[in-house]
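Everything on this sheet refers to the single structure shown next.
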Amino acid sequence: MLALNRTSKVKLLANIHDDLPQREKDLNSSRVSTDEGAFYYRVTLEEIGKRHLFVMTVDDTTSPDHLIVLDIRHVVED
C-alpha cells in the first residue's frame, strides 16, 4: 500500500481521473522512447514534510476512448 494518507490518495486518484484526460494533448510531447504508444504523466504531492513524485506510463493508442495507466513509479523525497 502507498505510504500516503487518505486525503493524498484521493488527490492522486482525482489527478488521474480529471487532470490526465484534460492534459493528454500537452503530454504527448513526453512520449516513452521505447514505446511510441505511451507517454509519461507526472504528479507531485506534498504531505507532512515529504514530497511524493508519481511517474505514470500511459497508453493512449490501444483504445481511442480510454487512457490506460500501464505503470506507476513512486518516489518519496524528504
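Please treat every number below as a calculation from the coordinates, not as lab data. Note that the structure is a prediction, hence the values are computed from the model and not measured. Counting neighbours? That spans all protein chains shown, and the Cβs are built from the backbone with ideal geometry, glycine included.
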Order the peptides 19-29, 34-44 from the highest to the lowest mean number of other Cβ atoms within 10 Å of their residues.
-> 34-44, 19-29
Report the label-to-label distance for ARG6 and GLU77 in nanometres (one decimal), using points 7 Å from each Cα along the Cα→Cβ vector.
-> 2.9
Given [x] 13.1, 40; [y] 13.8, 45; [z] 11.7, 37 as possible values of Rg and Dmax of the Cα atoms in Å, the one from the coordinates is [x]
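What dipole magnitude, in Debye to the nearest 20, does the stretch 8-51 give about its Cα centre under +1 on Lys/Arg Cβ and -1 on Asp/Glu Cβ? Please report the intermediate quantities before stating the final value.
On the way: 8 positive and 8 negative charges, 39 e Å.
Dipole size: approximately 180 debye.
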How far, in nm, would the chain grow between HIS66 and GLU46 when pulled straight, counting 0.36 nm per residue and subtracting the alpha carbon separation?
-> 4.4 nm
Net charge over other residues, Cβ less than 9 angstrom from the Cβ of VAL55 (K, R count +1; D, E count -1) = +1
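Can you give the helix-only mean residue ellipticity at 222 nm for the chain, where every DSSP H stretch with n ≥ 4 adds -39500 (n - 2.57) and the sum goes over all residues, rounded to the nearest 500 deg cm²/dmol? It would help to have the intermediate numbers written out before the result.
On the way: 2 runs with 17 residues, N = 78.
Helices in the chain give a 222 nm mean residue ellipticity of -6000 deg cm²/dmol.
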